[in-house]
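*Asks:* Structure provided below as structure tokens; questions to follow.
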Amino acid sequence: TAGTSGRCDTPRTPPAGPAAAMFLLSLGSGLVFSSATVDCANKFTVSEILYGSADIHPVADLERTDHLLVLGSNPRVSKSSFISVPDPVAAMRRVKERGGKVTFVNPLRIEPDIGETVQLRPDTDAYLLAGMLHHIDRTVGFDVARYGDRVHGLEPLRAWLADLRSDYPRVEFQ
């Protein structure tokens with residue numbers, strides 16, 4: 001097994017991605033991965049499901065955002081490549097300056113001059129997201145009719161969310 005470390009767009013930047021893969025394969029590894037495998041595969045998968053192509057990514061409208069929730073990312077380090085803005089730190093700062101809110105969910109304190117950080121233990125963010133889904137379902141519900149036959153597995157999800165045990169990690173924030 002061999003891997004590389006790089007940005008999410010490295011595999012799509014010729015010839016960096018193919019060259020790295022060829023090098024790793026020449027070492028005799030049957031498994032080739034990079035930091036993009038963990039950090040970006042989910043974004044490409046969701047784009048494929050929602051928009052029909054892994055190459056389509058919506059551009060964040062930070063100029064009209066009232067509350068930006070940033071999960072597990074540090075915009076100064078990652079340059080927020082998936083939100084496609086030239087200077088993500090400045091864009092997030094402008095959200096705050098015009099009265100919006102920026103919340104980072106991360107084990108590390110991120111950009112305290114821009115927004116609040118909800119510090120979670122590593123690998124517990126899935127429980128936060130499950131709690132958010134459960135709260136949305138209990139309070140305003142999911143607009144299933146709007147998405148028609150593209151919604152699959154909602155009842156098993158609701159059952160799983162309702163069955164979350166009380167000994168799972170709890171996350172409280174305002």
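*Asks:* Check cross-link reach from LYS43 to the aspartates and glutamates: straight Cα distance under 15 Å, and skip same-chain residues fewer than eight apart.
*Replies:* By straight Cα distance, LYS43 reaches ASP9, ASP55.
*Asks:* Expressed as a rounded percentage, what relative contact order does region 79-167 have, with Cα pairs under 8 Å and six or more residues apart?
*Replies:* 15
*Asks:* Separate question: So, in Å, what gap is there between the alpha-carbon centers of region 108-144 and region 17-31?
*Replies:* Going from one Cα centre to the other spans 37 Å.
*Asks:* Non-local amide H neighbours of VAL102 (under 5 Å, H modeled in plane, Pro and chain starts lacking H): which ones?
*Replies:* LEU68, GLU116
*Asks:* Once you order the gyration tensor axes a ≥ b ≥ c over the Cα atoms, which shape class does region 20-174 get: rounded for a/c under 1.5, otherwise prolate or oblate by comparing a/b with b/c?
*Replies:* rounded
*Asks:* Short version: ³J(HN,Hα) in whole Hz for each residue of region 105-115, in order, from phi by Karplus 6.51 cos²θ - 1.76 cosθ + 1.60 (θ = phi - 60°), x for Gly and Pro, what are they?
*Replies:* 10, 6, x, 9, 6, 10, 6, x, 6, 9, x
All of the numbers you see were taken from the coordinates with simple rules; none came from a lab. Being a predicted model, the structure only gives us computed values, none of them experimental.
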